[in-house]
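Student: Please find one structure pasted underneath; my questions will follow.
What follows draws every value from the coordinates through simple rules; no lab data is involved. Values in this document were obtained by computation on a predicted structure and should not be read as measured data. Ideal geometry is used to build each Cβ from the backbone, glycine not excepted, and the neighbour counts take in all protein chains shown.
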Amino acid sequence: MTEAPRPRRRRIRRALIAGTTALTLAAGGGSAWALDRFVVDHVEISDVAAYEAAQSTAADASSLSTGGTVTGSSYTSDGASVELSTVVTGSGDSTVTYYVADVTLTDATVLQSAFANNQFGTNIIDETSDIAEDNGAVFAVNGDYYGFRDTGIVIRNGVVYRDEGARQGLAFYRDGTVQVYDETATTADALVADGVWNTLSFGPAILEDGQVVDGIEDVEIDTNVGNHSIQGDQPRTAVGVIDENHLVFVVVDGRSPGYSEGVTLTELAQIMQDLGATTAYNLDGGGSSTLYFDGEVVNDPLGKGEERGTSDILYIAG
C-alpha cells in the first residue's frame, strides 16, 4: 500500500456550474424544458431534517452519533470503525489509484444519508465535502445522485422520499444485511415495513454471491438527455458487503494519465471481490466519485484537486 498525495481543495460555486450548463444546453439547441429539467432546482421538501424528525422511523438515529477518535487513517467510536487505505497498481498511463474504506458498524443505522442543502428534489446539488461538513460527518462518500432523475425508490434514514421503481436497487436493512433488489417488484412502504433503512438507486450490482455479474459492461443506468455512459475506464464509487454490519467502500480516481486512468465495471468488481465482498453495487461515478475523511477530501475527484456537486452522500457522523 502506498499513500497518494492529497489534492488541494477548491470550491466550485453552484452559480458557475448552472451558468455553464445553461450555456452548453443553449448552444446545443436546448429548450426551456431542458434548462428546467437539468438546471433549475425543484424543491419538494425544503427542510429534510425537520421532515425526518417528524417520522418515528428516523428518531433512533440521533442517539448513534457518538464522538470517536481519529488516529491517522482510522476512526473508532462506539458506533463504528473506519480504516482507510490507498492502493496504487500498474505504471505509466496504466496506473490505477483507488481508496478503500473498511467499515464495521455496531448498528446498521449508524450509516446515514444526507441530501445537499438539507433539501429533497431534483437538481439540488452541493459538494460532497460540504454536505459532509453540514452533517458532522467524519467519513462520507457520494451517493447515487438521486436528484439527477425523478425515478427510483428513495428511502433514507428510514423515511420514504420517492416510490417510482425503475431499476436494480440496493437496500440497507436495520439488521445489518444488505440486498440487491428489483425496484419494480416492490414498494417503498413494503421495504420500510421489512426493515429497510436506506436504499440506493443506481447500479448495476457488480458482485452477487461472490461472483462477478455477467453483462455489467452493457448496462446503461439512464438513457435520457444529459446522461453519460458508465462504460469504459472511469472514476468509480462502489459499496461492497463482507458480512452483516461489515462494509467496504471503494473510490477509484480516473481521467488522470500517470496518476489514475480509472477502471471498468468488471475491474471494479474484481477489486471488490479481492477485498472479500460477496455483494457489491456501483454508485454514481465519474467526477462525482468522492471520499471524505476527517475534514478532508482524500481522493482527487476531477483530476484537478476539485469536487463536482452531487445531490446526496452516505456518511458516518463523528
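Student: FRET efficiency for THR278 and LEU35, Cβ-Cβ distance as r, R0 = 41 Å, nearest 0.05?
Tutor: After rounding to 0.05, the efficiency reads 0.40.
Student: What's the exposure ranking of ARG236, ARG308, going from fewest to most Cβ atoms within 10 Å?
Tutor: Listing ARG236, ARG308 from fewest to most nearby Cβ atoms yields ARG308, ARG236.
Student: Okay, next question. Taking the Cβ-Cβ separation of GLN211 and ILE45 as r and a Förster radius of 41 Å, what is the calculated FRET efficiency to the nearest 0.05?
Tutor: The value I calculate is 0.55.
Student: By how many nm would the segment from ALA53 to ASP194 grow when fully extended, if each residue of separation counts as 0.36 nm and the alpha-carbon distance is taken off?
Tutor: 48.7 nm
Student: What does the charge add up to near SER260, with Lys and Arg as +1, Asp and Glu as -1, over the other residues with Cβ less than 11 Å from its Cβ?
Tutor: Spelling it out: positives minus negatives among the neighbours equals -3.
Student: For segment 152-249, which GluC sites (Glu not before Pro) are in a loop by DSSP, counting at most 16 other Cβ atoms within 10 Å?
Tutor: In loop regions of segment 152-249 (DSSP not H, G, I, E or B), the sparsely surrounded GluC sites (Glu not before Pro) are GLU220, GLU244.
Student: Under the Karplus relation 6.51 cos²θ - 1.76 cosθ + 1.60, θ = phi - 60°, what is the ordered set of whole-Hz ³J(HN,Hα) values for segment 81-98, x standing for Gly and Pro?
Tutor: Values, residue by residue: 10, 10, 10, 9, 8, 10, 10, 10, 10, x, 8, x, 6, 9, 5, 10, 10, 9 Hz.
Student: Using the number of other C-beta atoms within 10 angstrom as an exposure proxy, rank ASP144, ASP126, ASP233, ASP209 with the fewest first.
Tutor: Exposure proxy ranking, most exposed first: ASP209, ASP233, ASP126, ASP144.
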